[in-house]
1. Residue check: is B:Glu311 crowded, with 17+ Cβ neighbours inside 10 Å, away from chain A (no Cβ under 14 Å) and charged (D, E, K, R)?
2. Residues to consider are A:Val175, A:Val221; find the one that is within 14 Å of chain B (Cβ to nearest Cβ) and among the β-branched types (Val, Ile, Thr).
3. Regarding B:Ala142, is this residue open to solvent by less than 10 Å² (accessible area, probe 1.4 Å) and more than 13 Å from chain A (Cβ to nearest Cβ)?
4. Any idea which of B:Val80, B:Val110 is in contact with a Pro (Cβ under 8 Å, 6 or more places away or on another chain) and more than 10 Å from chain A (Cβ to nearest Cβ)?
5. B:Gly123 - would you say it is in contact with an Asp or Glu (Cβ under 7 Å, 6 or more places away or on another chain), surrounded by fewer than 24 Cβ atoms within 10 Å (Cβ to Cβ), at pLDDT 95 or above and facing chain A (nearest Cβ under 10 Å)?
6. Yes or no: B:Glu150 on the phi < 0 side of the Ramachandran plot, at the interface with chain A (Cβ under 9 Å from one of its Cβ atoms) and within 13 Å of the chain's Cα centre (by Cα)?
7. Consider A:Arg191 against the criteria (1) over 30 Å from A:Arg142 (Cα atoms); (2) crowded, with 16+ Cβ neighbours inside 10 Å; (3) within 16 Å of ligand 1 (Cβ to nearest atom): it satisfies all of them except one. Which criterion is unmet?
8. For the range A:229-239, check the following and say yes or no: at least one residue is crowded, with 20+ Cβ neighbours inside 10 Å, part of a strand (DSSP E or B) and either under 18 Å from the mean Cα position of the chain (by Cα) or away from ligand 1 (no atom under 16 Å from the Cβ) (or both).
Amino acid sequence: MTISSSPLATDHDLWRSLLGDMIRVRVFEERCAELYGESKIRGFLHLYIGEEAIASGVMSCLRPDDAVLATYREHGHALLRGVSAESIMSEMFGKATGCSGGRGGSMHLFDAATRFFGGNAIVGGHLPVAVGLGLADQVLGRSGAVTVCFFGEGAVAEGEFHEAMNLAALWNVPVLFCCENNRYAMGTSLRSSESQIDLALKAASYAIPAWSVDGMDIVEVHRATTKALASVRADGGPMFIEFQTYRFRAHSMFDPDLYRDPAEVEHWKLRDPIATFARRLVDEQIVTDADIEEMWERARAETEAAVAAAEAAPIEPIDTLLDHVTRDAEPAPHIERSPETTTDDEVWP
Amino acid sequence: MSSLDADTDERIDAEVVPSMTYREAMREALRDALATDDRVFIMGEDVADYGGTYAVTKGLYEEFGRDRVRNTPLSESGFVGAGIGAALGGLRPIVEIMTVNFSLLALDQVVNTAATLLHMSGGQLNVPLVIRTTTGAGRQLAAQHSHSLEGWFAHVPGLKVVAPATPEDARWMLPTALADPNPVIIFEHATLYNESGPVDPVLGPVDIDRAAVRRHGSDLTIVASAGMVSKALAAADLLSAAGMSAEVIDLRSLRPLDFDTMAASLARTSRALVVDEGWRTGGLSAEISAGLTERCFWSLDAPIARLASAEVPIPYAKHLETAAIPQIEDIVAAAHDLVGDR
Ligand SMILES: Cc1ncc(C[n+]2csc(CCOP(=O)(O)OP(=O)(O)O)c2C)c(N)n1
Ligand SMILES: [Mg+2]
């Protein structure tokens with residue numbers, strides 16, 4: 001392979017920063033796993049380790065006015081969308097300074113400022129919401145803004161997936177659906193749960209342009225996303241990309257991972273999106289080993305600062321328990337009007 | 001309505017406050033909302049050219065076009081979820097679900113998303129969504145079109161649940177619901193659409209969190225909502241003829257429940273009968289009864305009485321359906337039992 005024919009021949013800064021992004025997510029989450037072991041983080045914790053190329057590649061293509069929705073496996077998405085490591089870590093610690101004020105935890109990271117709409121833990125439930133956000137952009141004339149909706153392949157079996165695909169196509173809303181197909185929904189393999197395992201075909205059946213790409217290769221992820229977004233931004237309607245990927249860890253920290261052949265896991269680990277991409281960048285002399293070491297170092301520093309801040313942060317006082325259930329409304333007048341012409345008061349004074 | 005001369009008040013009311021049907025009142029509310037706020041749009045199954053299952057949106061599509069009066073496919077979960085997203089994105093959607101029975105297909109969106117987002121996001125994301133749906137039995141539509149499930153929604157923190165029982169509330173609760181930053185579900189009892197009543201055309205938005213005393217009385221308090229209010233008022237007329245004075249409270253809001261108004265009434269009457277078209281077990285009537293007992297136990301002259309629908313899926317045959325849901329005579333009989341005069 002000659003360097004001039006490589007897809008990495010230009011945009012070296014981009015590729016360097018994408019590698020750095022993946023490393024940030026990896027370091028952050030490996031620390032999360034440790035903190036789970038130390039009982040600092042509780043509840044469900046779903047790690048994205050192995051899948052980082054998808055969020056890193058997609059997020060790098062987004063603008064501030066885009067909206068993002070993700071699943072409960074969303075630490076990386078939030079981080080790369082610009083939610084600070086500190087507020088994410090604090091959220092997982094259940095602290096007041098967390099990005100959801102300690103009400104959400106690992107599965108429910110939210111940040112209005114970066115238009116990060118969760119952190120959604122009902123499989124398939126956020127897909128219709130994404131359609132509505134896209135509809136609002138369309139109706140309000142926020143031209144070029146896109147709603148990006150991440151979900152696992154498990155969601156494809158849910159009715160809400162199908163309703164959302166149909167509505168999105170019918171209304172031509174600017175939504176990019178990003179299916180993270182890691183081949184398992186908890187312990188259920190795609191093959192054992194779907195009659196049709198070509199997921200792009202399902203989306204295409206709703207007249208949504210759809211294709212499948214290698215989600216372990218960030219260059220492919222970036223290329224596919226760039227192409228899809230150009231179309232969606234130009235009023236081309238919704239698009240669907242299936243990213244073929246694999247999670248290296250169990251579904252959650254509760255999962256003993258008994259349903260996968262360890263050889264299968266090892267096989268996929270050979271395709272680690274960070275290691276393979278780092279090697280390519282070194283081979284093509286875009287980064288040096290020292291650059292890469294510095295990326296890990298910086299990521300570790302970021303994560304440790306986040307842990308320290310989360311550790312030191314205050315918890316919400318108990319007397320805020322009932323906050324944020326409903327927001328105060330402007331009071332309207334109360335009018336009593338009896339439809340009766342007479343009352344018993346008049347009959348029996 | 002310029003003259004407020006006390007002597008002529010009643011005459012002015014009679015002359016100036018026009019009467020309209022509950023359906024027309026709701027339609028007027030929708031038209032007004034569409035005309036005054038560009039962010040407002042209606043969506044639901046057959047809300048456009050068909051004019052709405054109960055003809056509530058009839059004519060609005062012609063007037064405002066199909067982007068403002070948007071037909072949806074049969075996808076309750078999908079379009080309620082889209083309503084949530086649209087609300088998050090800055091619009092003010094009014095989602096019509098044909099009946100509460102079909103709302104069960106959207107329960108996930110309502111309960112898991114609309115009601116939780118504000119809290120889960122630590123107060124960042126509110127969902128200003130209005131859902132309108134019909135409820136109730138009485139038209140021989142059998143078990144999949146007749147249930148009163150508003151109590152299920154009233155169970156859920158994060159939602160507001162209202163049930164206009166008069167045309168005036170049908171007209172003036174909607175603007176308040178639309179101005180509310182939270183998800184509001186409006187239950188319209190299907191037997192009310194053809195009922196007429198006075199609707200002040202310039203009244204303006206009214207509160208959606210307080211009960212109203214619809215008739216004053218001194219012997220007992222009848223608490224009712226939605227389709228049961230007119231039955232309770234009719235029963236109160238019959239009771240009055242038999243020498244019993246019933247106060248009738250129209251709940252208006254099912255979440256929050258206005259216990260202050262109910263307790264104030266009980267302080268006068270010492271007896272309460274709760275009439276609910278939902279089922280008794282685990283129902284709204286149980287909640288009201290328990291709440292009133294907690295507040296008023298020492299001033300009660302009798303246990304709180306309840307009248308609810310029979311514990312069956314609502315049957316088709318007229319006589320069976322009638323027997324399954326509280327009727328005027330049932331309310332009269334329950335009132336006599338409660339007051340102990342026979
Ligand atoms: C509606 C619903 N059903 C079941 C669950 C429990 N659950 C949580 S994650 C999960 C698997 C989802 O798999 P997939 O969509 O492929 O995403 P992944 O976890 O692989 O990223 C299940 C069944 C849920 N959260 N929501
Ligand atoms: Mg999966």
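1. no
2. A:Val175
3. Considered against the rule, which asks whether it is open to solvent by less than 10 Å² (accessible area, probe 1.4 Å) and more than 13 Å from chain A (Cβ to nearest Cβ), B:Ala142 comes out as no.
4. Exactly one residue qualifies, and that residue is B:Val110.
5. Taking the combined requirement at face value, the residue satisfies it.
6. Spelling it out, it is not the case that B:Glu150 is on the phi < 0 side of the Ramachandran plot, at the interface with chain A (Cβ under 9 Å from one of its Cβ atoms) and within 13 Å of the chain's Cα centre (by Cα).
7. Of (1) over 30 Å from A:Arg142 (Cα atoms); (2) crowded, with 16+ Cβ neighbours inside 10 Å; (3) within 16 Å of ligand 1 (Cβ to nearest atom), only one is false for A:Arg191: (2).
8. Yes - at least one qualifying residue is present in the range A:229-239.
The values are calculated or read from the model by the stated rules, or taken from the named source; none is laboratory data. Quick caveat, the model's predicted, so the values are computed rather than measured. Every residue, glycine among them, receives a Cβ derived from its backbone with ideal geometry; neighbour counts consider all protein chains shown. With ligands, DNA and RNA removed, areas are computed over all heavy atoms of the protein, side chains included. Shrake-Rupley method; radii C 1.70, N 1.55, O 1.52, S 1.80 Å.
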